[in-house]
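The structure appears right after this line, and notes come after that.
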Amino acid sequence: MLEQILCIDDDPITLMLCKKVIARSSFSNEIITAQNGEEALHYFNTLKYSNTKSNIKPELIFLDLNMPIMGGWEFLDHFTSSAYSEFNKASVIVLSSTIDPDDLAKAKKYPIIIDFLSKPITQAMLEYLKKKIGLQ
């Protein structure tokens, strides 16, 4: 079981479903959410500059690509920079409502992306991911 997961999506229903499916599957102890890339980076900055340096950091990020304020690609550009290098051990799963071949090609530029899956997240998808990341 993972200690912490971060779900980044602008749709509150998708975030709610994500939390329910993940909690039901015993996939993670804690699920943090952000409604866009900027909010997610703010969360990482809070961890980075907090006086109470927590050892718990998201191990896996479920990321939507199309969001207002800061989308998934822009988030990845910032997150993979040296400013966030202490968090780069987190793997990213892109969750998108449409799987565009151009997005699949672009995803190859980011080694932290371990998969590209279609929304919504399902129990079967989590079982697949457990095997993929070695949780079983």
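The values are calculated or read from the model by the stated rules, or taken from the named source; none is laboratory data. Owing to the predicted nature of the structure, the values given are computational and were not obtained by experimental measurement. So basically every Cβ, Gly included, is an ideal-geometry build from the backbone, and we count neighbours across all protein chains shown. Heads up: the accessible areas ignore ligands, DNA and RNA and are worked out on the full protein's heavy atoms, side chains in. Shrake-Rupley method; radii C 1.70, N 1.55, O 1.52, S 1.80 Å.
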| request: Test residue 95 against the stated conditions and say whether it is surrounded by 15 or more Cβ atoms within 10 Å (Cβ to Cβ) and either part of a strand (DSSP E or B) or of a type in the set (Lys, Arg) (or both). | output: yes
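Conditions (1) open to solvent by 30 Å² or more (accessible area, probe 1.4 Å); (2) part of a strand (DSSP E or B); (3) closer than 18 Å to residue 120 by Cα, marked per residue:
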site: 5; (1), (2), (3): no, yes, yes
site: 13; (1), (2), (3): yes, no, yes
site: 22; (1), (2), (3): no, no, yes
site: 44; (1), (2), (3): no, no, no
| task | Answer with yes or no whether residue 50 is under 21 Å from residue 114 (Cβ atoms) and either hydroxyl-bearing (Ser, Thr, Tyr) or surrounded by fewer than 17 Cβ atoms within 10 Å (Cβ to Cβ) (or both). | result | no
| field | Qualifying positions in region 63-79 - surrounded by fewer than 22 Cβ atoms within 10 Å (Cβ to Cβ) and either in contact (Cβ under 8 Å) with a residue 60 or more places away in the chain or part of a helix (DSSP H, G or I) (or both) | value | 73, 74, 77, 78
| query | What are the residues in region 24-33 that are open to solvent by 90 Å² or more (accessible area, probe 1.4 Å) and touching a helix residue (DSSP H, G or I) at 6+ places or on another chain (Cβ under 9 Å), if any? | reply | 24
